[in-house]
1. So if I place +1 on the C-beta of Lys and Arg and -1 on the C-beta of Asp and Glu, and nothing else carries charge, what would the dipole magnitude of the chain be about its Cα centre? I want it in debye, nearest 20.
2. State the antiparallel share, in %, of DSSP beta bridges confined to the chain, rounding to the nearest 5.
3. Put +1 on the Cβ of each Lys and Arg and -1 on the Cβ of each Asp and Glu in the chain; which of I171, L138, V287 then has its Cα farthest toward the positive end of the dipole?
4. Can you tell me the dipole magnitude for the stretch 16-137 around its Cα centre, using point charges on the Cβ only (Lys, Arg +1; Asp, Glu -1), in Debye to the nearest 20?
5. Compute the semi-axes of the equivalent ellipsoid of the stretch 246-315, taking the square root of 5 times each eigenvalue of the Cα gyration tensor, and list them largest first in whole Å.
6. State to the nearest 20 debye the size of the charge dipole of the stretch 232-306 about its Cα centre, where the only charges are +1 on K and R beta carbons and -1 on D and E beta carbons.
7. Could you work out how much longer the chain between C80 and T20 gets when fully extended? Use 0.36 nm per residue separation minus the Cα distance between them, nm to one decimal.
8. Towards the positive end of the charge dipole of the stretch 61-121, with charges on Cβ (+1 Lys, Arg; -1 Asp, Glu), say which of L66, V97, S116 has the farthest Cα.
Amino acid sequence: MLLHWGEEYLKKVLPDSLATRLREATVDPHYDWKENEAFPHLDADTGQIVRYVQMPVITRVSRKRLRKFLSQNQKLNIQCNRHLRRIDLGPSGQLTVEFEDGSRVCGACVIGSDGSRSRVREYLCGENGRLVDTGLTLINHIAKYDAEQAVFLRMHHPIVKLAFSDRGEIILLAVVDASDREHPQNWTFQVFFSWSGPPYVTDFSSPRERLRFFRENVSRFCEPWRTAVLALKDDEIVPVDRGAQFSPFRWDNRDGRITLAGDAAHAMLPHRGQGLNNAMKDASEIVDALTAVYSGKKCLNDAINAYEAEMIPRGAMEVGLSSDLAHKRVNAKWEDDIVRMGWNKPDLKV
């Protein structure tokens, strides 16, 4: 996952003992990211590097490593495999959350950060909280390779690179975990591929059919994507998903007692790598809001309304920008504003 402008917000809510060691959660702790580092955009058909997009800060973290890093030596009550059944609002302002296993938890505020298919959002927004199909189909696959192939896949940029075809396809190759410097065969990579129109998810009859389609289409692309896909083992299960999104709007937050954050609040396509960054900003803003409540500076309703007043337009803008890039057929000069922007944070005046 890409963590760039969101890094400052993550560090803001971390104890110093973790904030100073965030490098440990990166996909390659041995790689020294440079200030204003540039990453390449390629023509997927010709292999030409057509643009380098600079980033003030760019960091790529492993989801698994980040979770482990953030929870180490912390007194956190993390309970996994809980599935929301219902939320009950008491007359005195207390909330009761009931899970499918019959257990219940009571509290003053529910923050739904339960992903793009959020059940809290479904409760909060009803039919208007459903994901919207974008007409795109996505393959997002994680794989390992032999040592020679793994080293080869880090050409152009050792961490991440992006390519566009003249048919509107977008393909990304990125390192997921290269912490074992001496053994490239242990490195893992992400290959992401998206296209508009058929075939759709329901058109694939089997895992073998998905892999065949993936190989046939990417075989006409330049390196290193061609090798990244053709070298996949015959028994690999390639996931195919529909590209869907949710753009936030003013919902009834029940006097500040229920709100949303992260993908639950603004489920965006992954093409601009903004999901994690916005989630970190959400987390920072919520910590500030609840701190103001506990210190007596604000009531819960005012604090959550202020959080949503900043989060909703920010999230809605990024959902739109990510969709624009995903559907973009870049022009011959690659001068589209959305392409020049790269993965940088858009300016937003609220």
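1. Its charge dipole is roughly 420 debye.
2. Percent antiparallel among DSSP bridges in the chain is about 90.
3. In the chain, that residue is V287.
4. Magnitude of the dipole: close to 440 debye.
5. Value: 23, 13, 8 Å, ordered largest first.
6. Dipole size: approximately 380 debye.
7. The C80-T20 span can extend by a further 18.8 nm.
8. The residue sitting most towards the positive pole is L66.
No lab work stands behind these numbers, since they all come straight from the coordinates. It should be emphasised that the depicted structure is a prediction, and the values quoted were computed from it without experimental measurement. All Cβ positions, even for glycine, are placed from backbone atoms using ideal geometry, and neighbour counts span all protein chains on display.
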